[in-house]
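The values are calculated or read from the model by the stated rules, or taken from the named source; none is laboratory data. Remember, it's a predicted structure, so these values are computed and weren't measured experimentally. Cβ atoms come from the backbone with ideal geometry, glycine included; neighbour counts cover every protein chain shown. Only protein heavy atoms, including side chains, enter the accessible area calculation; ligands, DNA and RNA are left aside. Shrake-Rupley method; radii C 1.70, N 1.55, O 1.52, S 1.80 Å.
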Amino acid sequence: LRSIGYIVIGVNEYFTSKKCPVCEDWVGQVDLRRHYCQNCKTRIHRDVMAGHNIANIVRSHLIHQQQLLYLQPKDSQGNYSLMQTATSSSTGRSSHSDRGEQ
């Protein structure tokens, strides 16, 4: 097997067709394939919305090496179940913020 220079990122599609990629709020289903965001007034096909969110996930992984918080599930205590707090041995600090960015 030989590398051809592509970066491959596995994407957890959790919430990608339920959260608005513009304002990160929950969206309502208008009909079978269309969604409407009450917060930012965006109408969008659910597959297009999922595509935008997946692109946001990949961008976040490439830049920050973690999933965006608005697309992560929370456990019963309200913690992000996919969040892996990266602790640097030299600084002793966590490397994440509210939006999954450093």
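Here's a check for you: in segment 50-65, which residue that is open to solvent by less than 70 Å² (accessible area, probe 1.4 Å) and of a type in the set (Val, Ile, Thr) is modelled with the highest pLDDT?
Checking each candidate, the answer is ILE54.
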Would you please name the residue that is nearest to LEU71 (Cα to Cα), looking only at residues in segment 37-52 that are in contact with a strand residue (DSSP E or B) (Cβ under 7 Å, 6 or more places away or on another chain) and part of a helix (DSSP H, G or I)? MET49
For the subset of segment 66-85 comprising residues that are modelled with pLDDT of 75 or more and open to solvent by 70 Å² or more (accessible area, probe 1.4 Å), which member is nearest to LYS18 (Cα to Cα)? LYS74
Report whether or not SER88 is modelled with pLDDT under 80, out of contact with any strand residue (DSSP E or B) (no Cβ under 8 Å at 6 or more places or on another chain) and either open to solvent by 80 Å² or more (accessible area, probe 1.4 Å) or of a type in the set (S, T, N, Q) (or both). yes
Going residue by residue through segment 37-49, is there one that turns out to be under 19 Å from the mean Cα position of the chain (by Cα), polar (S, T, N, Q) and modelled with pLDDT under 85? no
